[in-house]
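Q: Quick one: this structure, given as structure tokens, is what I'll be asking you about.
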């Protein structure tokens with residue numbers, strides 16, 4: 001049994017010395033190699049901006065026909081310098097009163113105006129968190145869903161009038177699917193830093209298996225407790241006095257039949273090679289279950305560690321494992 005992972009997602013690493021801190025189609029699959037910046041030397045970083053938006057005019061999200069993206073929160077305009085890194089986190093609870101299943105999805109996008117929703121929008125610059133979603137089975141889970149995404153982005157050149165937008169959308173296959181309602185309490189938070197070393201891995205280290213009887217998709221064997229590296233960033237030299245920030249984002253999809261389940265687990269580690277599945281745990285292992293009613297599940301963990309001593313040739317890996325009661329087709 002395999003767990004099929006929908007791609008375009010990544011592992012992001014950033015770090016800097018903290019001694020001086022003032023602290024609708026989806027995107028095409030990206031299987032390029034690690035973006036390696038210059039190996040780090042001791043340097044200081046600074047927080048040059050912090051913003052939060054927790055007010056929105058969005059009161060509902062359409063589920064049928066769905067995919068009607070709306071910008072729920074927006075931060076900007078801001079100015080950035082070449083090499084600046086912006087990190088953002090979005091969270092919002094959604095409610096629904098439904099007898100049928102529905103999808104809830106979102107992204108965090110960077111653009112030149114507050115109407116940018118995704119890569120098809122005028123003014124699009126890049127994603128902090130690519131579009132991804134989770135299905136909700138009201139009978140199994142109840143009437144709520146929480147969207148939570150996190151990520152970071154490095155600017156290659158200075159720019160003004162930059163916006164960070166959190167866009168949301170829903171979907172349902174049944175014309176009777178009601179809309180999501182917004183109970184309030186959500187927010188988009190962003191931090192802008194300079195003097196940060198930033199790395200991004202998009203090369204998937206998993207094998208491909210047929211999905212839905214045809215297309216090859218990256219998969220994780222349903223063979224827990226065995227561990228499998230999805231992404232690896234390295235080798236990286238981490239100077240003493242550095243704070244390392246690790247952000248990971250994936251969506252998995254399952255064709256599990258009604259009455260069965262599968263579980264995808266993950267954790268983030270610092271190891272000694274691109275194939276390391278154990279080492280320094282940056283996050284604890286956790287699992288996300290997928291049933292027939294859910295179909296999709298998105299995982300967006302964040303971890304961090306302070307390095308009082310320097311480390312050379314370190315690898316930062318996202319590690320996956322999977323269990324399940326059904327193993328006839330890819331998850």
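Q: Hey, with R₀ at 56 Å, roughly what FRET efficiency would residue 328 and residue 51 work out to, going by the Cβ-Cβ distance, to 0.05?
A: 0.70
Q: When all C-alpha to C-alpha distances in region 132-187 are sorted into bins of 5 Å, what percent of pairs does each bin hold, rounded to whole numbers?
A: So the P(r) values, bin by bin, are 4, 10, 21, 21, 15, 10, 8, 6, 5, 1.
Q: Take the alpha carbon atoms of region 256-331, find their center, do the same for region 101-122, and report the distance between the two centers in whole angstrom.
A: The distance from the Cα centre of region 256-331 to that of region 101-122 comes to 26 Å.
Q: Return one quarter of the surface area of the convex hull spanned by the alpha-carbon atoms of region 139-255, equal to its mean projected area, in nm².
A: 13.3
Q: Okay, moving on. Under a crude label model (7 Å from the Cα following the beta-carbon direction), how far is residue 158 from residue 59 in nanometres?
A: Between residue 158 and residue 59, the label points sit 4.5 nm apart.
Q: Specify, per residue and in Å³, the volume enclosed by the convex hull of the alpha carbon atoms belonging to region 64-133. It would help to have the intermediate numbers written out before the result.
A: Values: hull volume 7.0 nm³, N = 70.
Per-residue hull volume (Cα only) is 100 Å³.
All of the numbers you see were taken from the coordinates with simple rules; none came from a lab. Predicted model only: the values in this text are computed from it and were never measured. Here Cβ is always computed from backbone atoms with ideal geometry, including for glycine, and neighbour counts include all displayed protein chains.
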